[in-house]
Amino acid sequence: MTTGDPKAAAPSADLQKLIELLDVERVDDNLFVGQHPDQVLPRTFGGQLLGQGVVAAGRTLVKGNPPVHALNAHFVRGGDVTKPLEYHVDRYRDGRAFANRQVTAKQDGEVVFTMLVAFQDNSAGLEHAVEIPEVPFPEDLPPITEHFKGYEDKIESFVNALHPVDIRFANDPTWVMKGTGEQLNHNRAWMKTHGTLPDDPLMHVATMAYSSDTTVLDSIITTHGLSWGIDRLFAATVNHSMWFHREFRFDEWMLYATESPVAAGSRGIGSGRFFQRDGTLATSVVQEALIKYFPPRS
């Protein structure tokens, strides 16, 4: 899996920071330490836990390097952004074509996050997939920074966050949609890193895992005409699962098509699919989150 392009774009400053964050420090055979970026949210970003956890798991493989085929994560408590994270890896299986790991992130001895990661060699078999939605190509869509203009004070945390990934919305983002009064039960956004990633397939999986925690919950709130940063909303991821059907490069454009099939019991589910530009379905995603809306007082 190589670019073969001598003119490959150098990583942007923010992408370089993400690559460094995902390059967790190995302390022991089964123990890794991950850091936080300077640009932080009130608690550890879920995508960071997913990405760092994938890298920690992958670096303990002992029999070849089968690709990641699935991960199932649970978020136990919010991480402290002022402290590093310890990733403890349990090795459950190392077979000829399969491997399984459990990754547990801890701070001060308390579990923040736990994730099962499965690896499996790809082999020929039955194939089918849904078709990619019809949307404009990313070159015909504005970068996300264009959508920030005029909303900087309302979505300050988004504006000031790390931006290692180029995101091109095929529909208006939640805060713009709020102003138009539109309600939408799905979300479509092209994504790729700002620059070329290393050729290591594990880094592409980790970067996609990091990015999969963005926009996936948007359809829950836009179904009700709500917006991040404008309406009083509280959201916290409960669990997150991904299935990797084919290898891919995340420094090439991929369409993240998401929707919300249900919200109930103060929880909502966002489901999504990453399509390659040629329409090939590469990855499926499901995330459940605690979602609370506090209407304005009359």
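Every number in this text was worked out from the coordinates using simple rules, so none of it is lab data. Predicted, not measured: the structure shown is a model, and the values here were computed from it. With ideal geometry, Cβ positions are generated from the backbone for all residues, glycine too; neighbour counts draw on all protein chains shown.
For the chain, the residue among 102, 161, 203 whose Cα projects farthest onto the positive side of the dipole built from Cβ charges is 102.
Under unit Cβ charges (Lys, Arg +1; Asp, Glu -1), what dipole magnitude, rounded to 20 debye, does region 201-263 have relative to its Cα centre? Before the final figure, lay out each step's value.
Working: 3 positive and 7 negative charges, 20 e Å.
In debye, rounded to 20, region 201-263 gives about 100.
Taking N as the number of residues in the chain, what is its alpha-carbon radius of gyration divided by 2.2 N^0.38 Å?
Working: Rg = 18.7 Å, N = 298, 2.2 N^0.38 = 19.2 Å.
Ratio of Cα Rg to 2.2 N^0.38 Å: 0.98.
In a DSSP loop and with at most 14 other Cβ atoms within 10 Å, the GluC sites (Glu not before Pro) in region 81-186 are 127, 131, 134, 152, 182.
Across region 1-151, the mean sequence separation of Cα contacts (distance under 8 Å, 6 or more residues apart), normalised by length, yields a relative contact order of 20 percent. Estimated from the Cβ-Cβ distance and a Förster radius of 45 angstrom, the FRET efficiency linking residue 266 and residue 8 is about 0.50.
Among 13, 143, 185, whose Cα projects farthest towards the positive end of the dipole of the chain, with charges put on the beta-carbon of Lys, Arg (+1) and Asp, Glu (-1)? It is 185.
Computed from label points 7 Å out along Cα-Cβ, the spacing between residue 224 and residue 185 is 1.6 nm. Taking each DSSP H run with n ≥ 4 as -39500 (n - 2.57) and averaging over every residue of the chain yields -5000 deg cm²/dmol at 222 nm.
Could you list the chymotrypsin sites (Phe, Trp or Tyr not before Pro) in region 148-185 that lie in coil according to DSSP, counting only those with at most 15 other Cβ atoms within 10 Å of their Cβ? Provide the component values of the computation, followed by the final result.
Numbers: sites: 148, 151, 158, 169, 175; in loops: 151.
When the chymotrypsin sites (Phe, Trp or Tyr not before Pro) of region 148-185 are filtered for loop state and at most 15 Cβ neighbours within 10 Å, nothing remains.
What size of dipole, in debye to the nearest 20, comes out for the chain about its Cα centre when the only charges are +1 on Lys and Arg C-beta atoms and -1 on Asp and Glu C-beta atoms?
On the way: 27 positive and 38 negative charges, 146 e Å.
Dipole about the Cα centre, nearest 20: 700 debye.
Using the Karplus relation 6.51 cos²θ - 1.76 cosθ + 1.60 with θ = phi - 60°, the per-residue 3J(HN,Hα) values for region 132-147 come to 5, x, 7, 9, x, 5, x, 5, 9, 10, x, x, 4, 4, 5, 6 Hz, with x marking Gly and Pro.
Check the chain and count each lysine pair with an alpha-carbon distance under 20 angstrom, considering only pairs eight or more places apart or from different chains. Can you show the working numbers first?
Values: 7/192; 17/83; 17/192; 83/106; 149/178; 154/178; 154/292; 178/292.
Lysine pairs meeting both conditions in the chain amount to 8.
So how tilted is helix 201-211 from the main axis of the chain? Cα-based, degrees 0 to 90, rounded to 10. Between helix and principal axis, roughly 30 degrees.
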